[in-house]
Every structure is written in C-alpha cells, then in structure tokens.
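The values are calculated or read from the model by the stated rules, or taken from the named source; none is laboratory data. For clarity, every value in this text was computed on a predicted model and none was experimentally measured. As a convention, Cβ positions derive from the backbone with ideal geometry for all residues, glycine included, and neighbour counts pool all protein chains shown.
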Amino acid sequence: MSEHVSALILAGQRAGVVDPLLVDAGVDWKALLPILGKPMTAYVLAALDASDRLSKPYWVSGLDKDLIDRSLNQSPSEAGPASSVVVAAEAGLPYPFMVTTCDHPLLTSDMVNHFLQKSIASGADFTLGLATKDVIQPAYPHVKRTYLKFKDQHVSGCNLFYVANAKGLEAIKFWRAAQDDRKKPVKLARRLGIGMLLKYITGGLTLNIAFEHASKSLNINAKPIILPFAEAAIDVDKPSDLELVTEILSERNTDNTL
C-alpha cells in the first residue's frame, strides 16, 4: 500500500456538559485528560506517528492545536463530530483521509495500518472500522459496549473512519443527520427505510446487506472493515473506561521495558 492518507483527530466536546472525568482530573478539555502522566491525545498522536501510512501534518478540530502540538493543522470545528469532519473537508483536508478521536488512547499503529490497508484494498468511497463481540467479549468480559446486532455478527464501533473522496463524504453527511441517533440502531435503520428497519428488528439483516443498502441509498460504495483488535473498540467515556485504559497502557509500558 503506497498511498498516503491524511488524518483528522476529533477533539471537541459538548458545550455545557459537566464531565465527571474532567472534574476529577482538574482539566477543561477531554483531549487533555491525563493518563499515566500524559494527555490522552498524546497516545493517539504517537499511534499516528508510528504508522508509515499517514501524511503530516495531521489535522485537529475542537481543540486549540497549541495545547497539544503546534505543528498540527488547525481545523474548523462545529457542534458535532460529523459536522466537524464535513467542515474540515470543505476547509481543505486532503483526500483520502482517516478520522479518529482524541479519546482513543489504546489506538496503535497496527490498528491504523490494518484499517487503512483493508480500506484502500476495498476500493470503497467510505469505510467504517468495527470490532465484533466475539473478539471484544472474551478479552474484556466486563466492558459494556453498544453493539449493532446483525444476523451474522454483533459489532461495535472503533472510532476509525476512512473517506477516500468527495463521494465518501456523503456518508459523513448522513452521519451528521443521524448523529443524535448514533447509539439507537433502530432509529438509524429507520432513516434508511422501513424494509431495513423490519429486517433489523426481526434479526434478518446481515452486516454486508446493511452496507450494500446504505451504499445504494447514498449512491456511494461503503464497506465495513472488521478489526481483529479488541482494544480498538475501547474509548474513554466514563471512569470505568479510564481505569481499564490506564491498566492496559500500564501493561504495555511494562512489556516495552522487558
């Protein structure tokens, strides 16, 4: 895979929402939440740096770049993540590009490379990184995840998106329209039609059929990318997540010093 890809880190947060994680840590921005003495976003940047598939400088939205890395491109930001991706593309974020989030400190270069290799090989305009319950549950049985329950497999999002071209941005625009329903799969299915809704409710909808239908509805080629990494589906949304992520990163640090 020789094609280099731009990268956008979403680092915004909802205005007026009191996040207990930030209160406990005494910081104003989730992106700066300290984990083992480093801001959470530093782990994301390290994973991107360790990949040889990404073009620099990376882009960041929702946070003043000077708070983390002055060499970054400052992207405009909007109220929601999907809107922030759209305005970044409109502001000149080069295609193809990958999107990830600041609260993904378990991200590794292996995850990035696997996701990009599969995404580019698929020839799709848009891809979405997912991990299956069969991978996540055995590794972390006590982690509560929101799963999309398809007939063939249950999957959880990994905060990884690939947009190959302007057509692929249509998927992000759909996400923008549906982002309030992002953890309500029935409502998401309803947006794509009653047939999809009925198939989902009755357990007759497979993952690939869902993406094929979405592709047809949006007039693009959209594909799911299944990642073999349980940690790819773990982000930091609540104190229990922070505790688990801190434990995993501590183990990684120990392994790296052996």
Is it the case that some residue within segment 34-46 is in a loop (DSSP other than H, G, I, E, B) and closer than 20 Å to residue 85 by Cα? no
Of everything in segment 63-75, what is touching a strand residue (DSSP E or B) at 6+ places or on another chain (Cβ under 7 Å) and either surrounded by 22 or more Cβ atoms within 10 Å (Cβ to Cβ) or in a loop (DSSP other than H, G, I, E, B) (or both)? Give them in sequence order. 68, 72, 75
Restricting the search to segment 47-56, which residues are surrounded by 15 or more Cβ atoms within 10 Å (Cβ to Cβ) and either aliphatic (A, V, I, L, M) or over 24 Å from residue 118 (Cβ atoms) (or both)? 47, 48, 54
Selected residue (only one of 35, 9 is among the β-branched types (Val, Ile, Thr), in contact with a Ser or Thr (Cβ under 8 Å, 6 or more places away or on another chain) and surrounded by fewer than 22 Cβ atoms within 10 Å (Cβ to Cβ)): 35
Segment 215-245, subset surrounded by 15 or more Cβ atoms within 10 Å (Cβ to Cβ), in a helix (DSSP H, G or I) and more than 19 Å from the chain's Cα centre (by Cα), residue modelled with the lowest pLDDT: 217
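Table: residues versus (1) in contact with a helix residue (DSSP H, G or I) (Cβ under 7 Å, 6 or more places away or on another chain); (2) assigned to a strand (DSSP E or B); (3) at pLDDT 95 or above.
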position	(1), (2), (3)
77	yes, no, no
85	yes, no, yes
88	no, no, yes
98	yes, yes, yes
113	no, no, yes
138	no, no, yes
141	no, no, no
Hey, could you check segment 129-152 for residues that are closer than 14 Å to residue 227 by Cβ and touching a residue at least 60 places away in the same chain (Cβ under 8 Å) and say which is surrounded by the fewest Cβ atoms within 10 Å (Cβ to Cβ)? 139
